[in-house]
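The values are calculated or read from the model by the stated rules, or taken from the named source; none is laboratory data. Only a predicted model underlies this, so the values are computations on that prediction, with no experimental measurement involved. Heads up, the Cβs are rebuilt from the backbone with ideal geometry, glycines too, and the neighbour counts pull from every protein chain shown.
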Amino acid sequence: MRPATQTVCSCLLMLAVTALAGCHRRGDTAEEGTPPGAPSGTRAAPVRPRGGNPRTEMRNVHLQALPGVVLEIRRLNGELRPIQEGEIPVFDDPSTFELHIDSAEIAASPQSLQRLMNDVTFNYPKAPLKDLELSIEDGKVRQSGRLEKAVPVHFETLSEVSVTPEGKIRLHPVKIKAGGVGVKKLLDLFDVEMSEVIKTEGARGLTMEGDDIFLDPERLLPPPRIRGRLTAVRVEKDRIVQIFGGEAKNLTPPDPDAKNYMYYKGGNLRFGKLTMDGADLQIVDADPKDPFFFYLKEYKKQLVAGYSRNTPSLGLIVRMPDFDQAGTPLKDPY
């Protein structure tokens, strides 16, 4: 093969690596929302909602979306909206509702994103990428891994992160290496853009334009889906921080001194065998020294290990241990 031909092939190979590094596995992950022991697609019997949808407020909550994939919610105000008309949000089935964000600041570690890529995005037969690693370097996102071809190729990319006017995350590569050799300048030399040779139709939550990759934060995770306008994104030390919306009116939870909590107010809400008509539910971290680690799919373990009390307005305050401490029941002081 002539040297010029080898160079072009290297460029096209690296284009494929960079684009695929952002792609998700095709297929639906809605099975995450299926109640334990229930058949696929099972939902609780619908209850006619009254009084609008439940408002929600979260402070200092580490919400585990999947094992090892954690959304570090520093603050959030929004609303739970049922997917189907006539139904209500059901904690036991996250596919019954969406979280519409009015305002939020949410961080994620490279380790969480790395776990998402390896365990979900490329966890299927003949996946093109393996052993992905993500890290933060000088305010940019470094990604490396192995391209599975006849001869496996190690690759690295270094990308700047920004937000588009449409509210998507933009990854702009400034350095690209394949087999330890930099190829970014070669791409510019041959006037080749990744979008010209990489087709991403059907890639969930991902589009391409020129050399840039665009990620849609509303479509990256399993249920409950989030809906909200991303207005800013930044790299902060070892975290990628997303800002949604602007200012939002705060709620008044029954325990105003709680530092780490989730609060649901108004509308109808079901969890377990209980249905709150005119929800007034505050879930409080029993140990406020660090953020509240909560896993919706396994919340019953935390609920059983905790305790609750009614408020004078017939609301409910539930104190729970962190998910990783749910094996030790709390002592009920009441």
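Figure legend. Inter-residue proximity from region 251-278: first residues in contact (Cβ under 8 Å) with a residue 12 or more places away in the chain and more than 16 Å from Phe294 (Cα to Cα), second residues buried (at least 20 other Cβ atoms within 10 Å of the Cβ) and β-branched (Val, Ile, Thr), beta-carbon distance below 7 Å, spacing 6+ or different chains. Indicated pairs: Pro254/Ile317; Asp255/Val284; Asp255/Ile317; Asn268/Ile88; Leu269/Ile88; Arg270/Ile88; Arg270/Val90. Within region 230-276, the set of residues being of a type in the set (Ser, Thr, Tyr) and surrounded by 12 or more Cβ atoms within 10 Å (Cβ to Cβ) comprises Thr231, Tyr261, Tyr263, Tyr264, Thr275.
Annotation: of all residues in region 310-334 being at pLDDT 90 or above and charged (D, E, K, R), the one that is farthest from Val284 (Cα to Cα) is Asp324. Considering Leu80, Leu113, the condition of being in contact (Cβ under 8 Å) with a residue 12 or more places away in the chain, on the phi < 0 side of the Ramachandran plot and surrounded by 22 or more Cβ atoms within 10 Å (Cβ to Cβ) is satisfied by Leu80 alone. Counting just the residues of region 196-229 that are loosely packed, with under 14 Cβ neighbours inside 10 Å and outside any loop (DSSP other than H, G, I, E, B), which one comes out modelled with the highest pLDDT? The extreme case among them is Glu209.
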